[in-house]
Every structure is written in C-alpha cells, then in structure tokens.
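Worksheet for the structure shown next.
Rule-based calculations on the coordinates, nothing more; no lab input. Note that the coordinates shown come from a computational prediction; the quantities given were computed from them, not determined experimentally. Positions of Cβ are backbone-derived with ideal geometry, glycine not excepted, and every protein chain shown enters the neighbour counts.
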Amino acid sequence: MVKINLLTYLTLELNRLVDRGYSMPLKETLRHCEERMVFEELERKFTFKETGLDLSLFEPEVREELTGAFRDMALTGDEREHYNVENSGLCLLIAYAQEQIQREARKKQGAT
C-alpha cells in the first residue's frame with residue numbers, strides 16, 4: 001500500500017513541472033505507463049539538476065506498485081472520460097496519482 005503522503009508529494013512535483021512550462025505528450029506518457037517505465041522516463045526527461053524534480057523518496061517497491069497501478073489505469077483508455085485529460089501527459093500522471101490517493105483512502109476506510 002503506497003502512502004498517501006507520497007502520492008500527494010508526486011502530484012505537487014508534477015504540478016510544479018506543469019507550472020514551469022514543462023510537458024510530456026499524452027501518447028508518450030501512456031506508452032511509458034504501459035511499459036512500466038514512467039519513473040525512469042520522468043527522471044531522464046526532467047533531471048533534478050535542470051528542473052528540481054526529486055523522485056528519490058520513491059523506493060523500488062513503491063515504484064513497482066505505482067507503475068503497476070498506472071499501467072492498469074493507462075490500459076483502460078479512459079483519459080478523457082474518467083480523468084478529464086486530453087493533451088498533457090503530466091496532467092494525466094497527476095490524475096493517476098489522485099485516483100490512487102482515492103483508492104488508498106478507500107482501503108483505509110474499509111480497514112477501520
């Protein structure tokens with residue numbers, strides 16, 4: 001189970017990239033999600049030195065869980081209808097992280 005604070009951190013990091021004018025094409029992002037390579041591609045494309053993007057908090061097991069969840073979301077093809085995203089791959093990743101926050105919150109509610 002991915003901690004909600006890590007997912008929130010991810011949304012803030014991605015939002016900062018969007019705000020500074022960085023982008024990733026939607027189709028490219030979907031491909032990286034399907035290939036379970038999204039974290040590697042984010043770090044390659046948006047280096048810490050250039051952008052300040054810091055994904056070091058995401059340990060290998062957390063990355064594995066998230067890339068699996070993002071892959072499943074990417075395979076549904078609901079970018080426009082469910083996630084309200086048509087153009088920006090970074091916005092899609094923010095939406096995926098928010099969806100995962102909701103899923104984790106529902107798990108916690110069910111456990112109490």
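Scanning the range 88-101 for residues that are more than 10 Å from residue 23 (Cα to Cα) and touching a residue at least 40 places away in the same chain (Cβ under 8 Å) turns up 92, 93, 94, 96, 97, 98, 100, 101. Restricting attention to the range 71-88, does a residue exist that is in a helix (DSSP H, G or I), polar (S, T, N, Q) and loosely packed, with under 12 Cβ neighbours inside 10 Å? There is at least one residue in the range 71-88 that is in a helix (DSSP H, G or I), polar (S, T, N, Q) and loosely packed, with under 12 Cβ neighbours inside 10 Å.
To keep it simple, each residue is scored yes or no on (1) crowded, with 19+ Cβ neighbours inside 10 Å; (2) among the aliphatic types (A, V, I, L, M).
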| site | (1), (2) |
| --- | --- |
| 39 | yes, no |
| 62 | no, yes |
| 68 | no, no |
| 91 | yes, no |
| 102 | no, no |
| 107 | no, no |
